[in-house]
Amino acid sequence: MDLEVDIITTPKGFHCNLCNTNVPNKPSLDEHVKGRKHRTLSTVRATRRAQEERSVFVSGFPKDASQAQLTQYFQQFGPVAEVIIDKDKGVYAIVQFSEVDSQLTALSQLVHDMGGMRLRVKPREKKGFKLVDKKNTGVKNQEEFLERLKPALGQAETVNEQMQCVVERLQLAENKRKARELLVQLIQEVFTEFFPESQVLPFGSSVNTFGIHSCDLDLFLDLENTKTFQARAKTSTEPVAETSSDDGRSEDSILSDIDLSTASPAELLELVATILRKCVPGVHKVQAVTSARLPVVKFHYRALDLHGDISINNRLAVRNTRFLQLCSGLDARLRPLVYTIRYWARQKELAGNVGGPGPLLNNYALTLLVIFFLQNTDPPVLPTVDQLKHMACEEEECVIEGWDCTFPSQPIAVPPSKNQQDLCKCLGSSGLLAAFFSFYATFDFAGNVISLREGRALPVTSFLSQARKVPQEEEEKNAMEEEQPRKPHNQQAPKLGSLNVLDPFELSHNVAGNLSERSQHSFQRECQEAEKYCRSLQYLRKSTKGKPWGLVRLFAPHGQGPKKLDGSVEMSISIPFKPALLPEVLRNQLQLAGDGFRLIWFQKVCAAMVQVFQNVLKCRLGSFTESAPSGDAGHAAVAPGSCESMETSSEELNTSSDSGIAGPGSPQSAAAAAAGSKRRLSSSEDGDASSSPQDKKPRLGSGPKPGTPCWTWTQTHAVWAGRRKVRRELIKDAADTRPEGSNMALEVQVTDHIVEKEPPVKVPLVFKVQAKLVGNTQSTKVLLKVHPPSEGKEHFRDFFHFLEVFLPKMVDTLMEKGV
Ligand code: ATP
Ligand code: MG
């Protein structure tokens with residue numbers, strides 16, 4: 001019964017309302033329902049319901065009434081299991097009986113008199129049970145905020161005014177800023193007692209001019225001077241108090257217990273946590289998080305309802321905060337743009353800490369994306385970091401941990417921009433907000449690394465031979481060893497991912513390295529949607545009929561915005577370019593190929609995909625055809641029965657001359673690669689790309705184009721159904737948690753097992769897969785268009801949902817292993 005209410009069918013499979021989870025097909029649904037999460041939540045719900053049926057809601061008692069008094073009174077109706085009085089106001093209580101009958105008896109009595117007090121007794125409200133996650137709570141607050149923002153935005157006359165209004169409504173109010181300053185002072189005073197000459201420095205959004213009222217308070221506890229103080233005290237024969245200090249405070253200083261020069265960051269943080277917990281009034285929920293990339297002590301300050309972090313190794317963050325402050329002072333358009341884009345990104349669930357740390361863009365990375373865009377307008381609104389360096393004077397030179405962090409301290413040192421563009425459309429220009437969306441709507445994230453230092457996109461190929469994988473354990477280890485000297489710069493390489501934004505100062509750090517392919521994809525898709533909307537009249541003109549216009553529609557929460565024109569679900573699977581996963585040999589090969597790297601990679605992916613269909617999933621290859629690149633004469637190479645008649649989606653690569661996909665594109669080459677042949681790749685592989693791609697912007701489109709290979713496959717068994725269970729049985733060892741698609745031999749075994757044990761499907765599924773290379777004006781990826789069979793469509797839908805997840809993972813595994 002519950003199951004009927006809990007599970008709903010969706011275009012992509014099923015959704016479990018209870019667990020707030022999507023599953024792609026019936027077998028996965030069966031597994032989900034039998035799984036631990038679903039069973040636990042069902043049990044919790046059943047217990048809650050039973051409690052509700054045994055409870056009454058009571059009001060009308062005096063504020064000082066106690067649990068014991070209420071228990072005593074209600075015991076006349078039957079044994080009382082629990083009495084809960086609301087803590088804040090003390091005006092109502094839930095009385096829970098041990099038996100349902102007692103509740104009925106209590107409710108049937110018309111008048112309740114407790115020591116002369118007339119009580120009101122009602123059935124307890126039955127609340128629908130749903131998994132409450134932090135994310136949903138955040139979303140609710142956001143919705144409420146938007147509801148309050150809407151009337152103010154509606155009153156504005158232009159989008160410019162709306163953007164100013166967003167700043168006013170969101171920014172950290174002056175009194176709140178002052179209150180934060182006082183808290184920092186308080187913390188400073190306490191820490192000075194324990195760590196003489198230490199400094200507590202705020203950084204991040206509280207002080208970078210982009211803070212909002214709910215932003216956290218990021219603090220850096222600088223112990224450099226304290227270390228010197230301690231070292232001096234140790235070497236001195238004089239008593240410490242006389243050597244340095246005016247008040248003799250070091251006598252009982254904590255410094256006698258800990259040696260700052262040898263203590264590990266974890267030890268120091270534990271100490272910081274203890275001091276915060278014990279000595280700073282009003283601070284609670286203190287917790288040292290030592291396993292993060294940047295270890296911190298988290299705390300909450302009750303009076304301001306403020307969450308804060310203290311780190312001890314974050315000098316670079318203090319400096320990059322100064323950089324953001326400078327940029328803000330350089331051009332008045334930056335703040336409204338950043339506030340608007342941060343809010344838009346939050347609404348679309350692309351950035352911010354809505355659901356706790358997730359694979360979302362953080363606000364720092366998003367702000368850097370805005371600055372990078374402004375460095376690339378014509379003329380530029382903001383200078384590059386290299387240009388800023390040259391505008392600084394000698395006293396402003398600054399090197400932190402070996403990174404050059406020099407820039408002028410005051411905006412006055414920087415000539416104003418010649419760019420006069422408005423934030424919103426005027427006099428024929430699209431306006432900076434719309435231009436931001438169109439800039440990133442077509443940006444090739446996979447093919448480029450964003451450098452604010454140089455103010456341009458650097459081709460990813462120039463990082464390939466240095467790229468390295470950073471497994472979790474190594475990251476944690478690095479975090480713990482933060483104090484150790486860093487490697488020389490030229491040995492460090494950014495962790496490449498689906499979106500690469502180099503920190504402006506720590507050049508080996510990709511600030512968006514945490515982002516998943518999916519989040520990057522959502523970011524780009526939302527930019528495309530926003531760009532389209534910014535061209536519409538609803539964006540540009542205030543509605544005379546009071547309808548939402550301008551930013552109001554732009555801020556529509558994720559999933560509530562305008563739908564795609566064509567609501568049909570297309571069967572396509574995307575395999576993104578993930579350079580960091582590739583083996584070194586291949587990375588070097590791609591680097592040598594320069595602009596032609598995409599084609600080589602495409603051929604490898606096609607070959608891996610064929611392996612997955614043929615060897616892992618035991619599909620039978622019917623035919624293989626390949627249409628010639630659209631730019632080539634005559635489509636001559638199209639074989640009979642090809643997929644040329646397949647429609648092409650708007651997302652697919654336009655292989656016209658500006659596609660940017662260079663390299664050997666003969667149909668035969670992709671076919672040979674797909675069939676696993678060792679056919680020699682042509683010119684670009686031979687080192688045609690001898691010039692360094694780092695010296696110039698990525699070249700846009702030249703050379704031959706790839707064809708469009710198409711395979712016809714036949715699947716005779718439901719190899720997708722019950723795979724997880726079979727895998728578990730085959731692995732046996734409970735400690736072995738290899739995820740699906742991470743081991744070829746195991747997956748082959750799983751398929752063999754299913755083929756052997758299960759009967760074949762009634763109608764063999766004959767389907768086509770067409771591969772297209774996408775890149776340059778979009779993120780580099782292989783887009784597989786799947787053409788369903790004419791018979792057995794229902795069955796095939798399950799297979800497709802399985803492929804959507806399994807195929808990219810398996811291809812990644814094979815590519816990674818260099819198979
Ligand atoms: P908010 O707290 O409103 O989300 P924020 O800018 O304070 O925004 P945090 O995640 O709290 O963002 O980070 C605080 C500061 O730490 C940033 O402003 C930046 O100076 C630094 N920082 C954050 N993330 C990174 C990163 N990935 N690389 C380098 N510095 C970072
Ligand atoms: Mg912050």
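Only the coordinates and a few stated rules stand behind these numbers; no lab work does. Keep in mind that this is a model prediction, so the values were computed, not measured. Methodologically, a virtual Cβ is constructed for each residue, glycine included, from the backbone with ideal geometry; neighbour enumeration extends over all protein chains shown.
Please report the net charge: other residues with Cβ closer than 12 Å to the Cβ of Leu107, K and R +1, D and E -1. Show your work: numbers first, answer last.
Working: positive: Arg54, Arg120, Lys122, Arg124; negative: Glu53, Asp101.
Counting the neighbours of Leu107, the net charge comes to +2.
How much length, in nm to one decimal, is gained on full extension between Glu397 and Asp30, taken as 0.36 nm per residue of separation minus their Cα-Cα distance? Each step should come with its number before you reach the end.
Details: separation 367, 0.36 × 367 = 132.12 nm, distance 6.33 nm.
Taking Glu397 through Asp30 to full extension adds about 125.8 nm, to one decimal.
Among Cys19, Cys405, what is the fewest-to-most ranking by other Cβ atoms within 10 Å? Numbers along the way, then the final one.
On the way: Cys19 19, Cys405 22.
So the residues, fewest neighbours to most, are Cys19, Cys405.
Could you list His390, His753 so that the one with the fewest beta carbons within 10 Å of its beta carbon is first and the one with the most is last? Provide the component values of the computation, followed by the final result.
Values: His390 11, His753 17.
Neighbour counts put them in this order, fewest first: His390, His753.
What is the range 2-123 by shape, rounded, prolate or oblate, if you read a ≥ b ≥ c off the alpha carbon gyration tensor as root eigenvalues and call it rounded for a/c under 1.5, prolate for a/b larger than b/c, and oblate otherwise?
On the way: a/c = 3.50, a/b = 2.94, b/c = 1.19.
In terms of gyration-tensor shape, prolate.
Work out, step by step, the length gained on full extension between Glu267 and Asp736: first 0.36 nm times the residue separation, then minus their alpha carbon distance; give nm to one decimal.
Numbers: separation 469, 0.36 × 469 = 168.84 nm, distance 3.32 nm.
Here the segment from Glu267 to Asp736 would lengthen by 165.5 nm.
Around Ser328, what is the net charge, scoring Lys/Arg as +1 and Asp/Glu as -1 over all other residues with Cβ under 12 Å from its Cβ? Intermediate values should be presented prior to the final figure.
Working: positive: Arg322, Arg333, Arg335; negative: Asp331.
With Lys, Arg at +1 and Asp, Glu at -1, the net is +2.
So for Leu104, Leu368, Leu18, fewest C-beta neighbours within 10 Å to most, what's the order? Walk me through the intermediate numbers first.
Details: Leu104 16, Leu368 24, Leu18 20.
Arranged by neighbour count, lowest to highest, Leu104, Leu368, Leu18 become Leu104, Leu18, Leu368.
Note down the relative contact order for the range 1-85 as a percent, whole number, built from C-alpha pairs under 8 angstrom at least six residues apart. Could you put the intermediate results ahead of the total?
Numbers: 48 pairs, mean separation 11.2, N = 85.
Normalised by residue count, the contact order of the range 1-85 is 13 percent.
Give me the distance in nm between label points sitting 7 Å out from Cα along the Cα-to-Cβ direction at Gln199 and Arg148, one decimal.
The answer from the label model is 3.7 nm.
Once the other residues with Cβ under 13 Å from the Cβ of Cys424 are scored (Lys, Arg +1; Asp, Glu -1), what is the net sum?
Working: positive: Arg333, Lys425, Arg535, Arg541, Lys542; negative: Glu157, Glu161, Asp422.
Cβ neighbours under 13 Å give a net charge of +2.
Go through the range 1-87 and name the trypsin sites (Lys or Arg not before Pro) that are in a DSSP coil and have 15 or fewer other Cβ atoms within 10 Å of their Cβ.
Values: sites: Lys12, Lys34, Arg36, Lys37, Arg39, Arg45, Arg48, Arg49, Arg54, Lys63, Lys87; in loops: Lys12, Arg54, Lys63, Lys87.
Sites meeting the loop and neighbour criteria: Lys12, Lys63, Lys87.
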